[in-house]
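Structure, as structure tokens:
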Amino acid sequence: MNPIGVTCPFCGAPAPSSQSATTGWLCMHCQGAVPPQQYAGAPPPMPQPPMPHGPNPYAAGAPPPAANPYANVPAVRPPTPMAMPGTSKKPFVGALFGILLPLIIVMFAMSPKACKYTLLNEETAAVIKALEDCPKTKKALGSDIDVPFVGCTTGKSKSGGDSGSGFWSMPIQGSNASGNVQMSLSKRDGTWKLNSAVLTVGSDKYEAVTCKKQ
């Protein structure tokens, strides 16, 4: 006897109970899964428990979320961390440059090339002419006689008006060899005159003014 009149749609077997008819059941005869069914006089469905997260806050009638006041603010880059003391090489490089620059200037000022074009322009020209005019010194040095960039020019000069004197020692070089020349000069009527120029090349010495080997 089936008082509620609900049967299995697959095999026609009656529902085991009125509660099974509303919730669905597994038929014991055909093993078919019967979905829930409504019938006259069926009890109301059991209330479902609320959702764990509560009601939807954005349901109809709920106020919209507040606007983010910082949405249009540009991002600020974090400040660059300062270097720890002792980790930067810039102070060391600056100090090294400050020491080397004056030294380079002094070395350049004392170089023969600098003296040739600044302090000893006439004196250097006079001694180079004497070395080129003397066959012995020209043979010892070769062609292209000139003062080098590297070296040190030493000596002193005294000049007052149209007269003066000077004694200088400077390196000299040519296409065959290089050496050192010691020169003595005097100034009369505003013109420097070479009195002596002793060239030393290795163990040989030559006097360029008289063009004699010493």
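The values are calculated or read from the model by the stated rules, or taken from the named source; none is laboratory data. This is a predicted model, so every value here is computed, not measured. Positions of Cβ are backbone-derived with ideal geometry, glycine not excepted, and every protein chain shown enters the neighbour counts.
Observations on the structure shown:
- Elements of type strands (runs of 3 or more DSSP E) in region 157-214, at least 1 residues being among the aliphatic types (A, V, I, L, M), in the same structural domain as ALA130 (by TED's automatic domain parsing) and within 16 Å of LEU141 (Cβ to Cβ): 163-173, 178-188, 191-201
- Per-region count, region 170-197, residues among the small types (Gly, Ala, Ser) and either in contact with a Cys (Cβ under 9 Å, 6 or more places away or on another chain) or within 21 Å of ASP144 (Cβ to Cβ) (or both): 6
- Some residue of region 166-174 being exposed (fewer than 14 other Cβ atoms within 10 Å of the Cβ) and in contact (Cβ under 8 Å) with a residue 24 or more places away in the chain: no
- Each residue in region 184-197 was checked for being closer than 15 Å to GLU132 by Cα and crowded, with 17+ Cβ neighbours inside 10 Å, and 2 of them qualify.
- Restricting the first member to region 196-214 and to residues that are without any contact (Cβ under 8 Å) to a residue 12 or more places away in the chain, and the second to residues that are of a type in the set (S, T, N, Q), the beta-carbon pairs closer than 8 Å and six or more apart or on different chains are LYS205/GLN214; GLU207/SER196; GLU207/GLN214.
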